[in-house]
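Here the structure comes first, spelled out in structure tokens, and everything after it is commentary.
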Amino acid sequence: MKTNTLTVIHPFIPKEHVDFVDELMQDADDLELRISKPRLSKWGSYVREGNRHEISVNSNLNPYQFLLTLLHEYSHYVVYKKYGDSVKPHGPEWKSEFNKILTKLLEYDKLPKELYELLERHAQKPKASITADLKLKKLLDTYSKSVTEQGYTPLEELADGEKFFFHGRVFQKVQKRRKLYKCLDVERNKYYLFQPTVLVKKYSE
């Protein structure tokens, strides 16, 4: 990978993991890395168009959220290089490759202790989304700066019927459906499912 492509992400990952990421991705010459505006439905993505491969990660993530999202998407790139389109996006091949990458990260041994323990567990049975691992997601959120001071609250702490801001849009918490919360996008009159630990801002009229 071209050095200037890797340097794009350096400010967004923990400084002690810059060398780890550079070494991991140094041979990915056909991969482009891009910083994306915040997206409502995902932290990052991997896309392929012909011979072009691109990973984008949201700019509003804290360093550990960014690092793990980057590695999650990079494992998709690795899987495609090995298997092409013949396997499922989050099938056993992807889980195996992501496990290998996370194992390398754990062996690098520069993670906070509490994150190391949860990530070691996550690596054994990776989920299709990091946010689907609620304990890991909740811990990752704590590394965001001034979350409390900025008025953010976990969705699960809001009452049913209460409104909140999420990425500039107003939603209303409706009800819990199994592990997720059904919420109404007030302006678009569409329903979405949210993880209980997602951080939102209370709405005041």
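Given the condition touching a residue at least 12 places away in the same chain (Cβ under 8 Å) and touching a Lys or Arg at 6+ places or on another chain (Cβ under 9 Å), answer yes or no: does some residue in the stretch 102-114 qualify? Scanning the stretch 102-114 turns up no residue that is touching a residue at least 12 places away in the same chain (Cβ under 8 Å) and touching a Lys or Arg at 6+ places or on another chain (Cβ under 9 Å).
Is it the case, given these coordinates, that Tyr181 is surrounded by fewer than 15 Cβ atoms within 10 Å (Cβ to Cβ) and of a type in the set (Phe, Trp, Tyr)? For Tyr181, the condition - surrounded by fewer than 15 Cβ atoms within 10 Å (Cβ to Cβ) and of a type in the set (Phe, Trp, Tyr) - is not met. Of the residues making up the stretch 39-63, just one is exposed (fewer than 15 other Cβ atoms within 10 Å of the Cβ) and touching a His at 6+ places or on another chain (Cβ under 6 Å), namely Leu40. One residue alone among Ser41, Ser36 is modelled with pLDDT of 90 or more and among the small types (Gly, Ala, Ser), and that residue is Ser36. So, Glu97, is that one out of contact with any Leu (no Cβ under 9 Å at 6 or more places or on another chain), modelled with pLDDT under 95 and assigned to a helix (DSSP H, G or I) or not? No: the conditions fail for Glu97. Checked against (1) out of contact with any strand residue (DSSP E or B) (no Cβ under 9 Å at 6 or more places or on another chain); (2) under 20 Å from Arg48 (Cβ atoms); (3) part of a helix (DSSP H, G or I); (4) without any contact (Cβ under 8 Å) to a residue 40 or more places away in the chain, Ser86 passes all but a single condition, namely (3). When Ala28 is tested against the conditions (1) surrounded by 15 or more Cβ atoms within 10 Å (Cβ to Cβ); (2) under 18 Å from the mean Cα position of the chain (by Cα), the lone failure is (2).
Contact map, the stretch 123-134: first residue within 15 Å of Ser45 (Cα to Cα), second residue at pLDDT below 90, Cβ cut-off under 7 Å, separation 6 or more or different chains; pairs are Thr131/Gln195.
Checking each residue in the stretch 7-30 for being in a helix (DSSP H, G or I) and more than 16 Å from Lys100 (Cβ to Cβ) picks out Thr7, His10, Pro11, Phe12, Lys15, Glu16, His17, Val18, Asp19, Asp22.
The values are calculated or read from the model by the stated rules, or taken from the named source; none is laboratory data. Just so you know, these numbers come straight off a predicted model, no measurement behind them. We place every Cβ from the backbone using ideal geometry, glycine too, and count neighbours over all the protein chains shown.
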